[in-house]
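Reading through the structure tokens given below for one structure.
The values are calculated or read from the model by the stated rules, or taken from the named source; none is laboratory data. Remember, it's a predicted structure, so these values are computed and weren't measured experimentally. All Cβ positions, glycine included, derive from the backbone under ideal geometry; neighbour counts span all protein chains shown. The accessibility values were calculated without ligands, DNA or RNA, using every heavy atom of the protein model including side chains. Shrake-Rupley method; radii C 1.70, N 1.55, O 1.52, S 1.80 Å.
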Amino acid sequence: MGKDELTTERLNNLEAIRKIELNPYGQRYERSHQIEQVKGLFKEGFEVNVAGRIMALRSHGKTKFFNIEDETGKIQAYININEIGMEKFRLFNNLDIGDFVGVKGALFKTRTGEITVNVAEFTILSKALRPLPEKWHGLKDIEIRYRQRYLDLIVNKDVRKIFLIRSRIINEIRSFLNQRQYLEVETPMMQHIPGGASGKPFKTHHNVLDVDLYLRIAPELYLKRLIVGGFEKIYEINKSFRNEGISTRHNPEFTMLEVYRAYADYEDMMNLVRELITFVAEKVLGKVKFDFQGMSIDLSNWKKKSFAELMKDKFNIKPDENVKELISKMAKHGINIAGENISKSQILKTIAELIEPETKGAPTFVVDMFTELCPLAKTKPDNPLLTERFELFIGGLEIANAYSELNDPIEQKQRFQSQLLTEDQAGKIDKDFLRALEYGMPPAGGLGIGVDRLIMLLTNSA
């Protein structure tokens, strides 16, 4: 890092601190309280020892006022040359906005009623060599905000609040499931054959074994192995990876919750996800009615829509039509689907995205999904062209996906083979998973929730 990249004045201040043999990057610091605790315990003359980043600094001749901030909040501090002495006052002149400092002193209130620390001692803990973004305008550049997230967190309190809410949401998800005797588990992130969902995986290589491995696109097949092994209620909050496009709704690395329950089906999962999301909203937001991107969301009002009926009503498409018929019908609606060797399932996925606007009102379960879209779900007893599966949309976001899990090993093998033939992925069937099913898996319901999207919803983040 060259000097031209840094502020000359800050480098001069750093050098001045070093000249008097002070460490400008101090050791551990013992605080008596965090800042918000201090405010709650206020008493005139109460001695405190707090630390944080200097976020504002105002000089008035022989006195200075400055604000320091820790993760809980900010407090004003006051330093007076007559009380602290000329030498220390001069040392303080080498501090800048962005530096970390520890202060010790007694509390008092200013004439405007602001709680303030009358500094008797201060300790330099870290010298910042780069200035923070200009105070009044904050950090607006989206590119910088996402690439330098640490800077975003320093200056944008609303972003920091979202991080805290994210942690609370995940804790409440765990609390909800733990209270209902679900067991939290961990399954492999690196897999020999990526499965459990459709998606392009990230590839890596294990040098010692000299084999190619893949970052998981979903944990589903390994969680089902645990159901085979005798566990009846399990969940995993997991990181999954898909080597695909990036948008505000898609990230190559994302957080999923997957839940499995033996002797259950997709209707049970429907009840579970409704109870879980309502529970989390009540705990985190204190309410079940809230706004999301201009839409009013009411978690006391849930609806169902049939995917098969939507496809028929909007595009006159039935589940048993072939690729040629699908392309022809879409063309009549001004939608051209191109591509060599395009599969029926790929076309159906494209069409499925077109009906998302139908789900922007109340929380909506989209049911009656075509079997071709659901290689791991049971078919409906009265119609093998449709499956016992739902996708849950809230505010136009797909939040969750659930099945009555297919546990017939022969049918599962046929589904895998059919899927691989249409998508030109021959030879990538997870034979060990099929072998596990051959030992017997009880009927089960499985649920996946996009945790990042749930957090977007509950924090009103676009």
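Could you compute the FRET efficiency for residue 16 and residue 114, with r as their C-beta to C-beta distance and R0 at 25 Å, rounded to 0.05? Write down the numbers at each step before the final one.
On the way: r = 30 Å, r/R0 = 1.22.
E between residue 16 and residue 114, to the nearest 0.05, is 0.25.
In this simple spin-label model, placing a label point 7 Å from the Cα along the Cα-to-Cβ direction at both residue 263 and residue 86 gives a separation of 8.5 nm.
Which order do peptides 196-207, 69-80 fall in by mean Cβ count within 10 Å, highest first? Walk me through the intermediate numbers first.
Details: 196-207: 14.0, 69-80: 17.4.
Top of the packing list down: 69-80, 196-207.
Estimated from the Cβ-Cβ distance and a Förster radius of 51 angstrom, the FRET efficiency linking residue 200 and residue 55 is about 0.70.
If the chain between residue 382 and residue 358 were fully stretched, how many nm would it gain, using 0.36 nm times the residue separation less the Cα-Cα distance?
This chain segment gains 6.0 nm when fully extended.
Taken about its Cα centre, the range 224-366 carries a charge dipole of about 120 debye when Lys and Arg each add +1 at the Cβ and Asp and Glu each add -1 at the Cβ.
For the pair residue 29 and residue 146, a Förster radius of 51 Å applied to the C-beta separation gives a FRET efficiency near 0.95, rounded to the nearest 0.05. Per-residue extension of 0.36 nm, minus the Cα-Cα distance of residue 300 and residue 63, leaves a gain of 79.6 nm for this segment.
Rounded to whole Å and sorted largest first, what semi-axes of the equivalent ellipsoid does the C-alpha gyration tensor of the range 303-462 yield via the square root of 5 times each eigenvalue? All intermediate terms of the calculation are to be shown ahead of the outcome.
Numbers: eigenvalues 135, 103, 45 Å².
Working through the eigenvalues yields semi-axes of 26, 23, 15 Å.
Remark on the range 194-266: Rg and Dmax equal 14.4, 42 Å (Cα only).
Rounded to the nearest whole Å³, what is the per residue volume of the convex hull around the Cα atoms of the range 334-378?
Working: hull volume 3.9 nm³, N = 45.
That works out to 88 Å³ per residue.
Using only side-chain charges placed at the Cβ, +1 for Lys and Arg and -1 for Asp and Glu, the dipole size of the chain relative to its Cα centre rounds to 1380 debye. Over the range 223-359, with a single point scatterer placed on each C-alpha, what log10 of the ratio I(q)/I(0) does the Debye formula yield at q = 0.18 1/Å? Taken in order of the listed q values, log10 I(q)/I(0) reads -1.28. With N the number of residues in the chain, Rg(Cα) / (2.2 N^0.38 Å) evaluates to 1.28. From Cα pairs below 8 angstrom and at least 6 apart in sequence, can you work out the relative contact order of the chain, rounded to a whole percent? RCO, the chain: 11 percent. Restricting the GluC sites (Glu not before Pro) of the range 124-227 to loop positions (DSSP other than H, G, I, E, B) with no more than 12 neighbouring Cβ atoms within 10 Å leaves 134, 186. Computed over protein heavy atoms with a 1.4 Å probe, the carbon and sulfur contribution to the accessible area of the chain reaches 49%.
Label-to-label distance for residue 439 and residue 71 is 4.2 nm, based on points extended 7 Å past Cα in the beta-carbon direction. Going toward the positive end of the dipole of the chain, with +1 on Lys and Arg Cβ and -1 on Asp and Glu Cβ, which of 348, 222, 52 do you reach last? Positive-most Cα among the choices belongs to 52. On the principal axes of its alpha carbon atoms, the range 374-462 extends 44, 30, 25 Å, with the longest extent given first.
Just the Kirkwood number for the range 47-206, please: inverse of mean 1/r across all distinct Cα pairs, in Å, one decimal. Show your work: numbers first, answer last.
Details: mean 1/r = 0.0506 Å⁻¹.
Every distinct Cα pair counted, the radius reaches 19.8 Å.
Which of 153, 163, 116 sits closest to the plus end of the dipole of the range 94-224, meaning its Cα is farthest towards the positive end, when Lys and Arg get +1 and Asp and Glu get -1 on the C-beta? The one lying farthest along the dipole's positive direction is 116. Here is the tail figure for the range 97-182: Cα pairs spaced more than 17 Å apart come to 70 percent of all pairs. Counting DSSP beta bridges in the chain, what percent are antiparallel, to the nearest 5? Counting only bridges with both partners in the chain, antiparallel ones make up about 90 percent. For the chain, take the longest principal axis of its alpha carbons; what is the angle in degrees between that and the long axis of helix 409-423, to the nearest 10 within 0 to 90? Value to nearest ten degrees: 80. The order of the peptides 108-119, 437-448, 344-355 by mean Cβ neighbours within 10 Å, most packed first, is 437-448, 344-355, 108-119.
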